[in-house]
């Protein structure tokens, strides 16, 4: 892949990661109906490449299916620090 194609690819990847398109994981932080409750949509691929803990935790949730899978992680005893 030449340099120009690489730049276009990575810009497209960044746009995808910043959007909620094609997310396959939702992370629930806090406890409803607490005002600080927050749901983060994420890409399993991106998280697993950056975190060995999440890679190990999510590895057992994969299926040999071509369908998009949505997994939910819930952290009820955590209050998200959102500005």
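Every number in this text was worked out from the coordinates using simple rules, so none of it is lab data. The model shown is predicted, which means the values in this text are computed figures rather than measured ones. Here Cβ is always computed from backbone atoms with ideal geometry, including for glycine, and neighbour counts include all displayed protein chains.
Extension gain, residue 18 to residue 37: 0.36 nm times the residue separation minus the Cα-Cα distance gives 4.8 nm.
Could you calculate the FRET efficiency of residue 56 with residue 3 from 1/(1 + (r/R0)^6), where r is the beta carbon distance between them and R0 is 35 Å, rounded to 0.05? Show your work: numbers first, answer last.
Numbers: r = 35 Å, r/R0 = 1.01.
The formula returns an efficiency of 0.50 here.
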